[in-house]
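Okay, so here's the structure we're looking at.
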């Protein structure tokens, strides 16, 4: 600024009168973090500006505190592209930062970061058409509304308008009496690179909600390559009307645990890598679709979906999907101890039968419904020789319209081990190799189609098979034990 010294209010006013981008720096006397407490609302920012709290000597940040401000005041009102560095914005009656237009880059101080906390509305409320960039370490917690609330839209495209490139914490929002809000809300999607981290815990609504432009938009949602720690929120952990993507590492998996409505609701599926989705009150993961677009869900690395739907008033199972589910070779998918089915695969609005393609190791056990309940085709088993297991589920282990499996055990289930149905859309065939089906309460395999057993290590408790059509062409086969080491078909 041309003047050597002035208040923050005067600096904003002067920057608004000047063309081009200006920079506001700080050198406030005293030790510790200096606090600025305005009594009335600061003027809106109408020209591009950088507000750089990192220029404050030791510790390199400034606090903007709204405890004394009038009831209508937000901390900063942004009407033009702005960069804010090293500034805490706390305790304002309305929003910490309100963005009506332009792009905001909010950069947290290096140590310990910057806070946007304790405000009467959202930590950051973002509308208009600009992009919100959150850089470095940012803590948007303890606000009465959402920690981050982005209602911004792009009128021409479905660009993602919130980008996180550091660590964002959004905890305990919407929890005070009379408050409504969650962790992070975005209307036009959320993006972050692999280095990004989101923590959203103990919020009064969803941990992350992405409503998506144009109602249901598969191209928006959560296109996020970083890790998440989303736990103990009153709503869903992640609630997306677009696509959901996130990943952890094998040593430090992402976690979506103990949320009140369910773990992950992903309208158009997505990709989840190295994650735990456990102990949620509803389904661990549910991905229904709409008549026009399918929902495809992929898993990679080690993923656990356990103990969901448990507890008083809770209802749900492990994974519910209306689309294709894929777990590739080299991955491990564990779905255990859920209150309903382990995996439930629905058919489409138009009656299309989808497929569960589980080529990695799967461990589906101790669920209170079916292990796999598929109104479509199921392929599972690991060609690398690591056994997949569908064991000890309360109902049938695998119910499907056709099953192909290898290197697997289906043991101790409360119904059939494998029950393959047939109708005018599916042949109900069962094909297997290197498989053990034993100690299931109703029997080993019931197949309404062809039953083709591979060349090695196939054994089962007993078989019941009905050839279609019925009646007239049916044949039933039962035995106390059956082994087919040399290969068989059409029993």
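Read the figures in this text as sums done on the coordinates, not as results from a lab. The shown structure was predicted, so the numbers you read here are calculated from the model rather than taken from an experiment. Positions of Cβ are generated from backbone atoms using ideal geometry, with glycine treated the same way; all protein chains shown enter the neighbour counts.
Restricting attention to segment 235-247, which residues are without any contact (Cβ under 8 Å) to a residue 40 or more places away in the chain and part of a loop (DSSP other than H, G, I, E, B)?
If the condition is that a residue be without any contact (Cβ under 8 Å) to a residue 40 or more places away in the chain and part of a loop (DSSP other than H, G, I, E, B), then 241 is the only one that fits.
Looking only at segment 420-437, which residues are surrounded by 18 or more Cβ atoms within 10 Å (Cβ to Cβ), more than 34 Å from the chain's Cα centre (by Cα) and in a loop (DSSP other than H, G, I, E, B)?
422, 429
Within the group 386, 393, 382, which residue is crowded, with 24+ Cβ neighbours inside 10 Å and either outside any strand (DSSP E or B) or touching a helix residue (DSSP H, G or I) at 6+ places or on another chain (Cβ under 8 Å) (or both)?
Just one listed residue meets the conditions, 393.
Run down 171, 203 and say which single residue is over 15 Å from the mean Cα position of the chain (by Cα) and touching a residue at least 40 places away in the same chain (Cβ under 8 Å).
Result: 203 is the single residue among 171, 203 that is over 15 Å from the mean Cα position of the chain (by Cα) and touching a residue at least 40 places away in the same chain (Cβ under 8 Å).
So which strands (runs of 3 or more DSSP E) stay within segment 55-98 end to end and still have 3 or more residues that are in contact with a helix residue (DSSP H, G or I) (Cβ under 9 Å, 6 or more places away or on another chain)?
62-65
Among the numbered conditions (1) under 20 Å from residue 125 (Cα atoms); (2) touching a residue at least 40 places away in the same chain (Cβ under 8 Å), tell me where residue 263 comes up short.
(1)
Among the residues in segment 116-124, are any assigned to a loop (DSSP other than H, G, I, E, B), touching a residue at least 40 places away in the same chain (Cβ under 8 Å) and in contact with a helix residue (DSSP H, G or I) (Cβ under 7 Å, 6 or more places away or on another chain)?
no
Is it true that residue 282 is in contact with a strand residue (DSSP E or B) (Cβ under 6 Å, 6 or more places away or on another chain), part of a loop (DSSP other than H, G, I, E, B) and under 27 Å from residue 353 (Cβ atoms)?
yes
Restricting to segment 242-252, give me the number of residues that are more than 12 Å from residue 191 (Cβ to Cβ) and surrounded by 22 or more Cβ atoms within 10 Å (Cβ to Cβ).
So the count comes out to 2.
For segment 313-331, indicate whether the set of residues that are in contact with a strand residue (DSSP E or B) (Cβ under 7 Å, 6 or more places away or on another chain), closer than 30 Å to residue 166 by Cβ and assigned to a loop (DSSP other than H, G, I, E, B) is non-empty.
Yes, segment 313-331 contains at least one residue that is in contact with a strand residue (DSSP E or B) (Cβ under 7 Å, 6 or more places away or on another chain), closer than 30 Å to residue 166 by Cβ and assigned to a loop (DSSP other than H, G, I, E, B).
Just one of (1) farther than 15 Å from residue 133 by Cβ; (2) in contact with a strand residue (DSSP E or B) (Cβ under 9 Å, 6 or more places away or on another chain) trips up residue 59, so point out which.
Only one criterion in (1) farther than 15 Å from residue 133 by Cβ; (2) in contact with a strand residue (DSSP E or B) (Cβ under 9 Å, 6 or more places away or on another chain) is unmet by residue 59, namely (2).
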